[in-house]
There are 2 protein chains.
Amino acid sequence: MLNEFEIIQRYFTRAYTRPDIALGVGDDAALVVPPIDKALAITVDSLVEGVHFSSDISATDLGHRTVAVNLSDLAAMGAKPLWATLALTLPKIDEAWLHDFSAGLFQTLDQYQVALVGGNITRGPLSITLQVVGTVDSKRALRRDAAQVGDLIYVSGTLGERLYRPTPRVELGLSALGFAHAAIDISDGLAQDLQHILTASKVGAEIKAELIPLSSSLKKNLSSEQAYRLALTGGDDYELCLTVPPVHQATFEARAQTLACPVTYIGKIIAEEKLLILDRGIPMLNSQTGYQHFS
Amino acid sequence: MLNEFEIIQRYFTRAYTRPDIALGVGDDAALVVPPIDKALAITVDSLVEGVHFSSDISATDLGHRTVAVNLSDLAAMGAKPLWATLALTLPKIDEAWLHDFSAGLFQTLDQYQVALVGGNITRGPLSITLQVVGTVDSKRALRRDAAQVGDLIYVSGTLGERLYRPTPRVELGLSALGFAHAAIDISDGLAQDLQHILTASKVGAEIKAELIPLSSSLKKNLSSEQAYRLALTGGDDYELCLTVPPVHQATFEARAQTLACPVTYIGKIIAEEKLLILDRGIPMLNSQTGYQHFS
């Protein structure tokens with residue numbers, strides 16, 4: 001049976017040769033070297049078995065998902081992710097599971113050039129907490145409280161489908177720096193997450209439901225109204241919702257197109273502090289509804 | 001019933017007015033401003049109910065302990081802790097528990113001027129993961145791989161007692177920068193943790209067991225040999241073990257005295273790559289033994 005040090009050594013230790021990593025896994029703490037003149041963006045997210053995933057998810061998909069949900073948060077700040085730490089709680093040592101989980105984890109970390117620099121493994125109910133640190137120009141970061149009246153509201157990709165392998169929109173967030181005012185990642189449903197921007201920015205929004213880009217499975221399997229409701233209130237899309245001043249609309253759309261990242265205009269920011277959702281002109285939903293862990 | 005946003009707002013949100021915090025709790029990520037010319041030290045630790053603590057620990061003590069075990073890791077690097085994120089998994093909403101836990105957490109964070117800048121609350125078996133980021137001069141950081149033959153081995157405080165309120169030796173770690181070569185915090189037992197330094201540094205050590213500073217409860221309740229064995233192999237001391245070159249011995253001891261932090265010489269680093277523990281000259285224990293979560 002492997003002990004915790006052997007597990008870390010075998011499955012979670014990479015020899016990085018990057019100038020920004022002075023000391024990786026294996027000491028009391030990792031040492032990394034931040035660039036000068038940038039702020040650090042720090043985020044953490046946990047995935048708990050039975051809450052965020054069921055036991056039928058593959059370990060590889062779970063490894064991917066662990067990274068994706070965290071990078072999505074940094075994407076929503078316009079931050080460049082650099083370093084991650086992993087806190088893993090395991091009920092037992094299953095080497096096949098560890099192999100597959102770490103493969104999915106590193107595949108996605110590598111894809112975004114994020115280094116796993118530290119962590120902790122302990123015994124307990126299956127739960128995975130990843131913390132990611134990135135860098136961003138503090139003055140241009142895409143904050144929730146920066147939406148302005150008149151901004152155009154965009155969402156990336158399509159909504160309404162819980163995906164095993166969500167795509168964190170890191171490049172979109174980076175390319176929107178200086179062009180978008182505010183952003184959030186859609187993890188609890190568009191209506192609820194957009195409401196966080198509205199509350200923080202002390203503004204409202206008018207959304208045209210028929211403009212919301214629906215996933216193909218939603219369109220295939222549900223009535224139009226059911227599909228829009230699910231797209232508004234479902235979670236786990238990990239797309240971005242951004243507000244863009246009209247003056248930057250063309251640039252923002254062009255940059256998204258360069259990235260082959262679909263973005264769709266769905267409404268605009270208004271002064272009245274409410275969220276108005278219209279279905280072909282008729283009010284559809286006027287309060288936030290979404291996924292809350294304790295509601 | 002409070003939802004997750006209300007819990008975060010009520011119990012885990014502080015309005016910090018610090019120039020190094022551009023954006024705290026409440027966005028997709030926190031934004032902090034690191035000092036120029038320092039490396040970042042990043043560490044994470046989890047406390048799981050039934051593994052790291054039993055249900056009889058008070059929520060206040062648990063809040064304290066959560067911070068202390070993480071700061072202890074940064075202390076062992078000689079890093080100055082600055083920012084923390086909390087991932088909390090709770091089986092239910094218990095406001096009295098949340099009140100007491102956050103009180104203990106913030107009391108200890110405040111004591112060391114560490115800001116809670118972000119986090120995540122979810123439903124699940126009780127488990128607490130804190131991640132702390134600090135700063136350190138990368139060239140002087142107290143790494144495990146920096147011990148040298150002839151170094152004097154010191155431990156702080158006393159060993160052999162599992163404490164509800166361990167004291168992280170942050171100031172000692174900071175004051176040892178430039179004077180100690182290597183350091184580790186003692187969380188799995190002195191023998192095992194010292195072995196990590198020896199392995200990383202490719203050296204050995206000769207320890208005089210009778211010099212190990214024993215906690216008063218060990219001295220009171222156990223025979224001399226039992227007490228030394230427990231001090232060597234018990235965990236959760238959260239004291240530091242440091243290696244100091246003889247040329248800096250006087251300065252190191254004087255600085256520790258200034259901090260009113262007891263430090264005790266217990267042996268020295270040798271070239272032969274083994275850990276030799278002598279009890280009044282007689283070999284006592286020559287392999288590492290300590291707490292491992294999966295052994």
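Couple of notes before you dig in:
- Answer from B:Ser138, B:Ser127 - the residue that is surrounded by fewer than 19 Cβ atoms within 10 Å (Cβ to Cβ) and more than 21 Å from B:Arg18 (Cα to Cα): B:Ser138
- Within region A:1-13, the set of residues being of a type in the set (Ser, Thr, Tyr) and surrounded by fewer than 17 Cβ atoms within 10 Å (Cβ to Cβ) comprises A:Thr13 only.
- In region A:124-156, residue farthest from B:Ile128 (Cα to Cα) [restricted to those that are under 13 Å from the mean Cα position of the chain (by Cα) and of a type outside the set (A, V, I, L, M)]: A:Ser156
- All positions within region B:102-146 that are in a loop (DSSP other than H, G, I, E, B) and either of a type in the set (Gly, Ala, Ser) or within 7 Å of another protein chain (Cβ to nearest Cβ) (or both): B:Gly124, B:Pro125, B:Ser138, B:Ala141, B:Arg143
- Considered as a group, the residues in region B:178-191 that are more than 15 Å from the chain's Cα centre (by Cα) and modelled with pLDDT under 95 include one that is surrounded by the fewest Cβ atoms within 10 Å (Cβ to Cβ), and that residue is B:Gly178.
- Among the residues of region B:45-85, those that are closer than 24 Å to A:Ile36 by Cα and aliphatic (A, V, I, L, M) comprise B:Leu74, B:Met77, B:Ala79, B:Leu82, B:Ala84.
A quick yes/no check of all residues on (1) out of contact with any His (no Cβ under 7 Å at 6 or more places or on another chain); (2) surrounded by fewer than 18 Cβ atoms within 10 Å (Cβ to Cβ); (3) hydroxyl-bearing (Ser, Thr, Tyr):
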residue	(1), (2), (3)
A:Ala15	yes, yes, no
A:Gly24	yes, no, no
A:Ala30	yes, no, no
A:Pro35	yes, yes, no
A:Thr43	yes, no, yes
A:Leu47	yes, no, no
A:Gly50	yes, yes, no
A:Ile57	yes, yes, no
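- Selection count where residues are within 7 Å of another protein chain (Cβ to nearest Cβ) and either closer than 30 Å to A:Arg144 by Cα or of a type in the set (Ser, Thr, Tyr) (or both), scope region B:45-56: 2
- Taking the criterion of being outside any loop (DSSP other than H, G, I, E, B), over 21 Å from B:Asp37 (Cβ atoms), more than 7 Å from every other protein chain (Cβ to nearest Cβ) and of a type outside the set (S, T, N, Q), the residues of region A:9-44 that qualify are A:Arg10, A:Tyr11.
- In region B:185-268, counting only helices (runs of 4 or more DSSP H) that sit wholly within it, the ones holding 1 or more residues that are among the basic types (Lys, Arg) span B:216-221, B:224-233, B:249-258.
- Matching option when the condition is within 11 Å of another protein chain (Cβ to nearest Cβ) and in contact (Cβ under 8 Å) with a residue 12 or more places away in the chain, among A:Ala59, A:Ala87, A:Ala68: A:Ala87
- So A:Gly290, is it in a loop (DSSP other than H, G, I, E, B), touching a helix residue (DSSP H, G or I) at 6+ places or on another chain (Cβ under 8 Å) and at pLDDT below 85: yes
- Restricting region B:92-101 to residues that are more than 10 Å from chain A (Cβ to nearest Cβ) and not aliphatic (A, V, I, L, M) leaves a set whose member that is nearest to B:Ala176 (Cα to Cα) is B:Phe101.
- Residues (more than 9 Å from chain A (Cβ to nearest Cβ), of a type in the set (A, V, I, L, M, F, W, C) and within 20 Å of B:Thr13 (Cβ to Cβ)) located in region B:71-83: B:Leu82
- Any hit, region A:164-177, residues being in contact (Cβ under 8 Å) with a residue 12 or more places away in the chain, touching a His at 6+ places or on another chain (Cβ under 8 Å) and buried (at least 22 other Cβ atoms within 10 Å of the Cβ): no
- Counting the residues of region A:172-203 that are within 20 Å of A:Gly150 (Cα to Cα) and touching a helix residue (DSSP H, G or I) at 6+ places or on another chain (Cβ under 6 Å) gives 10.
- Criterion violated by A:Glu6 - all others in (1) closer than 21 Å to A:Ala96 by Cα; (2) more than 7 Å from chain B (Cβ to nearest Cβ); (3) at pLDDT 90 or above satisfied: (3)
- Selection over region A:45-66 of residues that are touching a helix residue (DSSP H, G or I) at 6+ places or on another chain (Cβ under 9 Å) and among the aliphatic types (A, V, I, L, M) gives a count of 4.
The values are calculated or read from the model by the stated rules, or taken from the named source; none is laboratory data. What you see is a predicted model, and the numbers here were worked out from it, not measured in a lab. Methodologically, a virtual Cβ is constructed for each residue, glycine included, from the backbone with ideal geometry; neighbour enumeration extends over all protein chains shown.
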